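First the structure, in the form of structure tokens, and then the observations on it.
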Amino acid sequence: MRGEPSILHVDLDAMFAAVEQRDKPSLRGKPVIVGGVAGRGVVSTASYEARAFGARSAMPTAQARRLCPLNTAFLSPRFAAYQRTSAVVMELLAGVSPLVEQVSIDEAYVDLAPTGRDLSLAAVTDLALRLKAEIAVATGGVTGSIGAASSKLLAKIGSDLNKPDGLTIVPAGQELAVLHPLPVRRLGGVGPATELRLHRAGVRTVGDLAARSLDDLVDWFGTAHGHGLYRLARAEDNRPVVSEREAKSVSAEETFDVDLTDPARLQRELDLLAGRVAGRLRRSGLTGRTVNIKVRHPDFTTITRAVTRDQPTDDGVLIAQLARRLLSDVPTAGGIRLLGVGVSALYDFAQDDLFTAAGEDPPDFDPAPPLAPSPGASLTSSPATTVTPSPGPPLPPSSGAMVPGASASASGAVVSGASASAAGAVVPGASASAAGAVVPGASASAAGAVVPGASASAAGAVVPGASVSAEGAVVSGALASAAGVDASNESGDSGYYGLLCPDGSPAPGDPSSGVAASPVQDSPLEPASLPGSASLPGSALPPRVGAPSEDATALPSADAAPVPVPASARIPADVPARIPADVPARIPADVPARIPADVPVWRPGQDVHHDEHGPGWVQGSGIGRVTVRFEGPLTPIGRVRTFFVDDPQLHPADPPDWSPSL
């Protein structure tokens with residue numbers, strides 16, 4: 001330990017909540033909770049008004065809602081605003097000393113020894129008081145607590161003793177007098193489990209811990225942890241203040257509102273998390289060799305798996321592939337509560353060669369050659385048309401007949417249960433289709449082939465009892481779909497707003513169905529005709545991601561001659577009788593107008609700007625409405641107005657400025 005209190009620890013008081021109260025005058029003096037607002041969200045920061053009711057950091061948001069009064073504000077984090085405030089504080093600290101160790105967004109150590117300042121007790125106290133005042137002014141009212149001591153351990157403990165807006169100076173030589181009366185949980189490395197075990201042994205204060213022998217602590221907690229606790233209980237901490245701290249890992253995780261059991265959904269979540277991690281790596285100029293996953297089951301059992309590569313990478317696709325392999329070794333049938341992906345063993349350079357992704361980590365399947373067109377096909381395909389197969393064995397060429405279990409088809413191929421199609425083949429759950437009608441809940445047919453039980457065919461195939469759609473497509477038992485329009489969403493469920501399922505019931509997402517629809521990834525539809533009216537243009541939508549290019553496949557004309565149906569692929573005689581007679585009549589006339597565009601998601605606390613009313617923040621949203629309070633850090637309490645969620649005059653905005661000089 002040093003001979004003077006030359007180390008400061010600066011900790012902003014409930015920073016996230018304090019920034020929210022600064023930027024939102026209506027929340028000042030009221031309980032504020034910042035964190036996940038969903039059912040399984042966790043409290044990140046609770047204002048001191050909320051802490052009076054028992055709310056605290058790391059508490060489940062649902063529990064905080066039960067503890068706090070009804071006027072408590074539960075807000076999503078605004079990290080951009082917090083980072084701007086943190087940058088202002090760190091700039092102030094850098095003016096005090098060249099040795100500043102930022103340990104998080106809201107706290108840092110400052111070493112006064114290299115500055116040549118007077119380090120007497122009175123001088124350090126005066127410096128700390130001035131620094132506190134400067135922080136409050138520079139941040140627009142966010143306060144910080146400061147501890148000053150001869151070691152990082154005592155400085156950090158001191159900053160926490162008199163919060164909020166506190167100051168604690170531990171004179172040199174008085175460290176044990178300050179430390180020993182404190183509860184043992186004040187020591188770093190003493191969490192709930194360690195504290196419980198110490199309490200069972202009769203150890204409740206740091207002084208009690210100091211009275212225990214090293215052998216006892218090593219026996220209880222192992223060599224490393226035992227030695228650490230032994231030293232900390234005696235205020236032995238010689239750690240230096242380090243101005244630059246290297247990141248040890250980059251990770252992202254997600255807690256789900258409902259436990260996930262679907263393997264496909266889990267893999268999609270892994271892909272999203274891997275993309276987030278890769279983006280952070282690239283922004284930081286880092287790469288990593290070790291990919292790890294974190295899996296938490298509903299009973300809070302947590303499993304981690306890791307794999308290390310020869311070369312570091314920041315490729316999101318490769319990270320996702322490795323994460324998927326790791327997840328395949330973890331039991332998921334009982335549900336997954338939390339999923340995380342991380343990269344460690346970081347480097348500030350990459351050594352991957354040009355063939356890393358393709359050579360070291362090849363796909364788990366061999367590409368299949370394009371299928372031969374059906375003899376009776378009337379669709380034409382340009383030489384540039386390609387079909388990407390899904391995982392599985394190579395496919396045999398198609399002769400125009402139905403191929404059960406196939407994974408891909410080209411012009412004129414007929415597939416059942418396939419995953420991709422081209423040139424008009426219609427496939428449920430497919431990743432892409434070109435220039436063809438895609439209808440939910442069906443197998444598929446192309447170029448005149450008709451599949452038993454299918455709901456759509458292309459290129460003028462005639463299906464008894466069906467309703468006619470655009471470009472000669474004929475639909476059996478469901479909707480007529482425009483050429484190029486995909487009516488299946490990413491989860492495999494069918495239907496846009498206002499459409500009907502194959503059984504004639506309202507599709508998920510229809511306001512009359514009461515069932516929410518999955519997000520639609522396609523662009524909004526242009527106004528289009530309905531069954532029984534003029535034909536729809538084949539260019540109603542741009543090609544979907546992953547589909548062949550728009551000019552890769554030629555559509556048949558509306559008056560193309562019907563193609564003979566092979567006997568092996570005819571629809572059973574009783575199919576028309578099973579089709580509800582009033583299906584076309586039950587399709588609302590305003591279907592195209594009711595298909596939703598990309599509707600913005602408004603998070604509570606989010607900064608917004610209205611073209612007419614100016615800047616404000618989201619107070620809440622739901623049932624197609626969003627409530628906004630128009631106020632800012634330098635305004636009085638503002639008025640509240642409610643808008644439709646898709647109001648074209650309402651836009652997301654950057655955090656407001658809090659300085660009067662700006």
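The values are calculated or read from the model by the stated rules, or taken from the named source; none is laboratory data. What you are looking at is a predicted structure, and each value in this text was computed from that prediction instead of being measured. Neighbour counts are summed over all protein chains in view; Cβ atoms, including those assigned to glycine, are modelled from backbone coordinates with ideal geometry. The protein model used for the area step is the full one, side chains on, heavy atoms only, and it has no ligands, DNA or RNA in it. Shrake-Rupley method; radii C 1.70, N 1.55, O 1.52, S 1.80 Å.
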Matching option when the condition is closer than 30 Å to A233 by Cα, at pLDDT 95 or above and not acidic (D, E), among R78, R22, R51, R2:
R51
Show the residue pairs that are 6+ apart or on different chains and have beta-carbon atoms under 6 Å apart, the first residue being within region 29-53 and in contact (Cβ under 8 Å) with a residue 12 or more places away in the chain and on the phi > 0 side of the Ramachandran plot, the second being in a loop (DSSP other than H, G, I, E, B) and open to solvent by less than 60 Å² (accessible area, probe 1.4 Å).
G35/G41
All positions within region 86-100 that are open to solvent by less than 30 Å² (accessible area, probe 1.4 Å) and more than 30 Å from the chain's Cα centre (by Cα):
L93, V96, S97, V100
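Here is a yes/no grid of residues against (1) acidic (D, E); (2) under 29 Å from R28 (Cα atoms):
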site	(1), (2)
T72	no, yes
V88	no, yes
P98	no, no
I105	no, yes
S120	no, no
I157	no, yes
D165	yes, yes
Would you be able to tell me the number of residues in region 232-274 that are in a helix (DSSP H, G or I) and either farther than 30 Å from V206 by Cα or among the β-branched types (V, I, T) (or both)?
12
Collect the residues in region 104-128 that are of a type in the set (G, A, S), under 30 Å from K248 (Cβ atoms) and surrounded by 15 or more Cβ atoms within 10 Å (Cβ to Cβ), keeping them in residue-number order.
A108, A113
Return a yes/no flag: does region 634-641 have any residue that is modelled with pLDDT of 80 or more, within 22 Å of Y82 (Cβ to Cβ), surrounded by 13 or more Cβ atoms within 10 Å (Cβ to Cβ) and aliphatic (A, V, I, L, M).
yes
State the number of residues belonging to region 57-85 that are surrounded by 15 or more Cβ atoms within 10 Å (Cβ to Cβ) and in contact (Cβ under 8 Å) with a residue 60 or more places away in the chain.
10
Take the residues in region 257-280 that are β-branched (V, I, T) and touching a residue at least 12 places away in the same chain (Cβ under 8 Å), then tell me which one is surrounded by the most Cβ atoms within 10 Å (Cβ to Cβ).
V277
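Do we have K24 as open to solvent by 10 Å² or more (accessible area, probe 1.4 Å), in contact with a strand residue (DSSP E or B) (Cβ under 9 Å, 6 or more places away or on another chain) and basic (K, R) here? Quick ask: steps written out before the conclusion?
Working: open to solvent by 10 Å² or more (accessible area, probe 1.4 Å): no; in contact with a strand residue (DSSP E or B) (Cβ under 9 Å, 6 or more places away or on another chain): yes; basic (K, R): yes.
It is false that K24 is open to solvent by 10 Å² or more (accessible area, probe 1.4 Å), in contact with a strand residue (DSSP E or B) (Cβ under 9 Å, 6 or more places away or on another chain) and basic (K, R).
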Log entry, pairs with first residue in region 294-312 being farther than 27 Å from F256 by Cα and modelled with pLDDT under 90, second being surrounded by 17 or more Cβ atoms within 10 Å (Cβ to Cβ) and not acidic (D, E), beta carbons closer than 9 Å, six or more apart or on different chains, reads D310/R289; Q311/T287; Q311/R289; Q311/A350; Q311/T356
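Okay, residues lined up against (1) open to solvent by 60 Å² or more (accessible area, probe 1.4 Å); (2) touching a Phe, Trp or Tyr at 6+ places or on another chain (Cβ under 8 Å); (3) small (G, A, S):
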{"site": "D237", "(1), (2), (3)": "no, no, no"}
{"site": "T255", "(1), (2), (3)": "no, no, no"}
{"site": "R282", "(1), (2), (3)": "yes, no, no"}
{"site": "P298", "(1), (2), (3)": "no, no, no"}
{"site": "R309", "(1), (2), (3)": "no, no, no"}
{"site": "T313", "(1), (2), (3)": "no, no, no"}
{"site": "A333", "(1), (2), (3)": "yes, no, yes"}
Out of the residues in region 335-349 that are modelled with pLDDT under 90 and not in a strand (DSSP E or B), state the one that is least open to solvent (accessible area, probe 1.4 Å).
F349
